[in-house]
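Below is one structure, written out as structure tokens; comments come after it.
The values are calculated or read from the model by the stated rules, or taken from the named source; none is laboratory data. Nothing here was measured: the structure is a model prediction, and the numbers come from that model. Cβ placement follows ideal geometry from the backbone for every residue including glycine, while neighbour counts extend to all protein chains displayed.
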Amino acid sequence: MTTEIQPFTELEHYSAPDLLSWVLQAYGESFAIASSFQKEDMVIVDLAARAAGHAKFRVFTLDTGRLHEETYQMMEEVRRRYGVVVETVFPDREEVEKMVAEHGPNLFFISPDLRHACCDTRKTRPLGRKLRQLRAWATGLRREQSATRAHVPKAEEVEGILKLSPLADWTAAQVENYTREHNLPVHPLYARGYASIGCAPCSRAIQPGEPERAGRWWWEQGNKECGIHFNADGSVRRDVKIQPAPLRSRNMHKGFTLWFTGLSGAGKSTLSQAIAARLRDRGAEVELLDGDMIRTRLSKGLGFSKEDRDENIRRIGFVCELLSNHGVIAIVAAISPYRAIRDEVRARIANFVEVYVECPIDVLARRDVKGLYKKALAGEIANFTGISDPYEPPLAPAITIHSSQETPEQSVERIWATLENSGLIFFDRSTFAH
Ligand code: SF4
């Protein structure tokens, strides 16, 4: 399958920390960082850890079965330092056994075609499997690394999955400086002259003045790529073999819209992500429309006047209507301050479940690490919903969550029960444990 690439030009202007903050907030646990524990990967993991705070973030690695021992040491170091589970993706055992039986364990030295076959089996296909579980991922690509990578965008959409390269515009010196300033763990092979680290038989140290990726498949000429990011000829249309996730649960839920409304910081995003993750775990078809993400895409250019806010909600409602009508669960996390426009959207969607996430202003102000509530209360921010702009709570929501009085887990349970009682989901509880 040839992969279509679509650039996200508006994200090109984000700095690496901002891009990671944004994607963690917008995509939550459907986002993960791909890491081979090189310096760039460590910078991204560190930035994500800072952006996530106490929230969970995900890291995965491709274990080809041919990695350096030092790479496993790095894996352990990342687990220890950041407290993350490094999700390890292995190749398909039968595919590897067949390949090795036919061509031997070191087939990559025999011909470029067999080298590509090995990368395909041990890297590209396992990556495709992993990506089917995600909606966004990040890599450590930098434009400076090679001519092939000179035009890498910070964000692109490949077959419906958002791919971020937050360090695309970083220099090697910036990576070095960040690594030193933050005392990041460094893969031991850099000290032995490696500049790019992959599988043990296919990467080696380089000489001073050699290009950064000269040590990868050093016996080959031309572009040095494995097929994950580029074709061997350096082209950016590549065969990633991403297939849509299997449709497993059309008969376990109806199409409906779950609409979270409430003040900024009340917990709408956290709850919407948690319920989306639980539904996806059970094979449900779910689209999560986060207000912040919508503002950068569907409603780019709209402001914060009442008219623009209403138009924003109208557009989100239109997308939800289409999704719900086609059997998909559309989940919205948006302040959506005005009752009339919410009711207008509700009237258009057959199965509409309104969740009011309530939290007192003084609690929100205490939670708000950016201090926006304090500034708004001091009159320094105009049009701030709940302070200098109205918020009209729903009069008859399907459920009200008091996020200052219950844990997210308790809230998710209550929302789940509401959906079950409404007859919108009918998963067999005996087949899973919450
Ligand atoms: S880098 Fe070498 S060992 Fe690793 S998957 Fe590619 S060809 Fe195989």
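For this structure, a couple of remarks:
- Filtered residue count, region 285-306, keeping only those that are among the polar types (S, T, N, Q) and either at pLDDT 90 or above or assigned to a loop (DSSP other than H, G, I, E, B) (or both): 2
- Take the conditions (1) in contact with a Lys or Arg (Cβ under 7 Å, 6 or more places away or on another chain); (2) under 19 Å from S196 (Cα atoms); (3) within 11 Å of the ligand (Cβ to nearest atom); L141 misses just one of them, which is (3).
- Looking only at region 144-172, and only at residues there that are farther than 17 Å from F31 by Cβ and among the polar types (S, T, N, Q), the one that is farthest from the ligand (Cβ to nearest atom): T171
- Among residues of region 265-278 that are outside the structural domain of E413 (by TED's automatic domain parsing), none has a Cβ under 7 angstrom from a residue that is at pLDDT 95 or above and buried (at least 23 other Cβ atoms within 10 Å of the Cβ) at a sequence gap of 6+ or on a separate chain.
- Any pair with Cβ under 6 angstrom, 6 or more apart, that starts in region 387-410 at a residue that is without any contact (Cβ under 8 Å) to a residue 24 or more places away in the chain and ends at one that is in a helix (DSSP H, G or I) and of a type in the set (F, W, Y): none
- Verdict on P17 being assigned to a loop (DSSP other than H, G, I, E, B), over 19 Å from G160 (Cα atoms) and in contact (Cβ under 8 Å) with a residue 24 or more places away in the chain: no
- Failed condition for R93, given (1) free of Cβ contacts under 8 Å to residues at least 24 places away in the same chain; (2) closer than 24 Å to L11 by Cα: (2)
- Among the residues of region 154-197, those identified as in contact with a Gly (Cβ under 9 Å, 6 or more places away or on another chain) and of a type in the set (G, A, S) are S165, G193, A195, S196.
- Which listed residue is touching a helix residue (DSSP H, G or I) at 6+ places or on another chain (Cβ under 9 Å) and crowded, with 19+ Cβ neighbours inside 10 Å, from A334, A277, A350, A340: A334
- Of all residues in region 323-341, those being in contact with a Lys or Arg (Cβ under 8 Å, 6 or more places away or on another chain) and not aromatic (F, W, Y) number 7.
- Residue identified as modelled with pLDDT under 95 and farther than 28 Å from E12 by Cα among I381, I361: I361
- Residue tally, condition surrounded by fewer than 17 Cβ atoms within 10 Å (Cβ to Cβ), in a helix (DSSP H, G or I) and either within 16 Å of the ligand (Cβ to nearest atom) or in contact (Cβ under 8 Å) with a residue 12 or more places away in the chain (or both), over region 191-220: 3
- Residues in region 97-121 that are out of contact with any helix residue (DSSP H, G or I) (no Cβ under 7 Å at 6 or more places or on another chain) and either within 8 Å of the ligand (Cβ to nearest atom) or touching a residue at least 12 places away in the same chain (Cβ under 8 Å) (or both): F109, P112, H116, C119, D120.
- Subset of region 280-296 [within 17 Å of the chain's Cα centre (by Cα) and touching a residue at least 60 places away in the same chain (Cβ under 8 Å)]: R280, D281, L288, D290, D292, M293, T296
- Some residue of region 295-315 being surrounded by fewer than 18 Cβ atoms within 10 Å (Cβ to Cβ), of a type in the set (F, W, Y) and within 21 Å of L263 (Cβ to Cβ): yes
- Restricted to region 24-83, and to residues there that are aromatic (F, W, Y) and free of Cβ contacts under 8 Å to residues at least 60 places away in the same chain, the residue that is nearest to the ligand (Cβ to nearest atom) is Y72.
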